[in-house]
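Every number in this text was worked out from the coordinates using simple rules, so none of it is lab data. From a predicted model like this one, the values you see are computed outputs, not experimental measurements. Neighbour counts run over all protein chains shown; Cβ positions are idealised from the backbone, glycine included.
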Amino acid sequence: MKLWRGGRLATLAGERGWGLIDDGALLVGDDGLLHWVGPSAEAPPADEVVELHGALVTPGLVDCHTHLVYGGNRAQEFEQRLHGASYADIARAGGGIRSTVAATRAASEAELLASATRRAQALMREGVTTLEVKSGYGLDAGTEARMLRVARQLRGVDVRTTYLGAHALPPEFSDADAYIDAVCAWLPALHAEGLVDAVDAFCENIAFSPAQVARVFEAAGRLGLAVKLHAEQLSDQGGAALAARHGALSCDHLEFLSSAGIQAMAQAGSVAVLLPGAFYALRETRLPPVQALRDAGVPIAIATDHNPGSSPTLSPLLMLNMACVLFRLTPEEAWRGITVHGARALGLRDRGQLVAGQRADFCLWDGAHPRELAACFGHNPLIERVCQGGT
Ligand code: NIG
Ligand code: FE
């Protein structure tokens, strides 16, 4: 047993509040779990003691929505948008996701792993201990599998993989329904290889219809796999309500979410994953309905949505700040969003709070209170990141 003592703990225990313990300690077992959390003065004996010297201690960050594995970049489209093209214009002209698909198909597994490793390391340097990675830039059986295998090879962080075959229509298909048949047909083999923790889709007028998404969800359901959805990002398609009917872990983006969608999510217990990086980069003006989500008791998570097009950020700390400044989340909501609620969006109940029995995933920061990290931006005060008890 190892005791970390003398820290300012923000445990986020319970349903609300920071759960502050001014001079606090954590007892970590060889099993990588927290065995005890409380005031240093009451700490049980341990084989090894680490002094925290007043460092701020929070749960490790959970980045529950990323597209981390891909080839190439899309800085050229960033430039095109500054010359007046919209994200949707570029997508309809065959750019956007499809241009990343071409670059990803052309990349070897080793190349994809090397670039994804560098990106994962950047996230880890800002405190990420759990990371979700989606496929969706292969759009053929072989490349989708390659992306998911690469994600599973990332080290130093706990990775969850999500199959996003229904991300865009690949160039070799002209019929979206025929492509959805293929997406459903590829899933059992990917699942049998142990590559899929959840199934996602992009429900949008530039992507797939609710009826097409429903077919993907039925295929997931036949294998007992959980679902989530890119929903209501650019228009209201009723995607969130559909996902909720399938017991979705989360619905993500949600700028155009309706009150019917909110009610459906509340009933299903789905998490609302808000993605301020994409909102910012696409200069969206329609805000997600944060107050209505609060009123309905829908848990709110935030994530980087790292991808080369709509959210090329590798800074979860910047997302904390943007969630507050752009979406008016309170600092505590933003913190819960990137810890305990992020974990819940992945179906994980064993992390996200500094509570006995949870995984010993935590961060040490140079600061006195977690709201300081939400208030500042472009600054990384991480001292140390501890994943499952080891650093
Ligand atoms: O979450 N909305 C769809 N998918 C990604 C963007 C993917 C891309 O532009 O490459 C997102 O924003
Ligand atoms: Fe996304």
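Taking every C-alpha pair closer than 8 Å and separated by at least 6 residues, the mean separation divided by the residue count of region 1-114 gives a relative contact order of 24 percent. Estimated from the Cβ-Cβ distance and a Förster radius of 22 angstrom, the FRET efficiency linking Val49 and Asp23 is about 0.95.
Distant-in-sequence amide contacts of Val50, defined by a placed amide H-H separation under 5 Å and a gap of 5 or more residues or a different chain, comprise Leu3, Trp4, Arg5.
Under the Karplus relation 6.51 cos²θ - 1.76 cosθ + 1.60, θ = phi - 60°, what is the ordered set of whole-Hz ³J(HN,Hα) values for region 332-344, x standing for Gly and Pro? Whole-Hz 3J(HN,Hα) from phi for region 332-344: 5, 4, 5, 5, 4, x, 9, 10, 5, 6, x, 4, 5. The 3J(HN,Hα) values that the Karplus relation (6.51, -1.76, 1.60; θ = phi - 60°) gives for region 379-388 are, in residue order, 9, 10, x, 5, 9, 7, 10, 10, 10, 6 Hz. Gly and Pro appear as x. 3J(HN,Hα) couplings calculated from phi for region 3-20 with the Karplus curve 6.51 cos²θ - 1.76 cosθ + 1.60 (θ = phi - 60°) are, in sequence order, 9, 9, 9, x, x, 9, 8, 10, 7, 6, 5, x, 8, 8, x, 7, x, 6 Hz; Gly and Pro show x.
Annotation: peptides 287-294, 37-44, 311-318, 198-205, ranked by per-residue average of other Cβ atoms within 10 Å with the highest first, follow the order 198-205, 311-318, 287-294, 37-44. Residues whose amide H lies under 5 Å from that of Gly38, counting only those 5 or more places away or on a different chain, are Ala25; hydrogens are built 1.01 Å from N in the peptide plane.
The relative contact order of region 238-391 comes to 18 percent, based on Cα pairs under 8 Å that sit 6 or more residues apart. Shape verdict for region 61-345, please, from the Cα gyration tensor: rounded (a/c under 1.5), prolate (a/b greater than b/c) or oblate. Judged from the Cα gyration tensor, region 61-345 comes out rounded (a/c under 1.5). Legend: calculated FRET efficiency, Leu223 to Arg349, from the Cβ-Cβ distance at R0 = 35 Å, rounded to 0.05, equals 0.95.
Taking amide H as placed 1.01 Å from N in the peptide plane, the amide H of Leu20 sits under 5 Å from that of Thr11, each at least 5 places away or on another chain. Simple point charges give the picture: +1 on the Cβ of Lys and Arg, -1 on the Cβ of Asp and Glu, and for the chain a dipole about the Cα centre of about 220 debye.
Quick check on region 49-157: what does the Kirkwood estimate of hydrodynamic radius come out to from the alpha carbon pairs, in Å? When all Cα pairs of region 49-157 are included, the Kirkwood radius is 15.7 Å.
Over the chain, what relative contact order in percent results from Cα pairs under 8 Å that are six or more residues apart? Rounded, it is 20 percent for the chain. When only alpha carbons are used to place a centre, region 294-363 and region 222-244 end up 19 Å from one another.
Projecting label points 7 angstrom from Cα along Cα→Cβ for Arg155 and Ala141 puts them 3.2 nm apart.
Footprinting exposure proxy ranking of Leu195, Leu187, fewest other C-beta atoms within 10 angstrom first, gives Leu195, Leu187.
Full extension of the chain between His369 and Glu172 yields a length gain of 65.7 nm, computed as 0.36 nm times the residue separation minus the alpha carbon distance.
Of the trypsin sites (Lys or Arg not before Pro) found in region 1-93, those that fall in a DSSP loop while having at most 13 other beta-carbon atoms within 10 Å are Arg16.
Using alpha carbons only, the radius of gyration of region 1-59 set against its Kirkwood radius gives Rg/Rh = 0.96. Take the Cβ atoms of Glu42 and Ala211, set R0 to 51 Å, and the FRET efficiency comes out at 0.30. The residues neighbouring Ile97, those whose beta-carbon lies less than 12 Å from its own, together hold a net charge of +2 under the Lys/Arg +1, Asp/Glu -1 convention.
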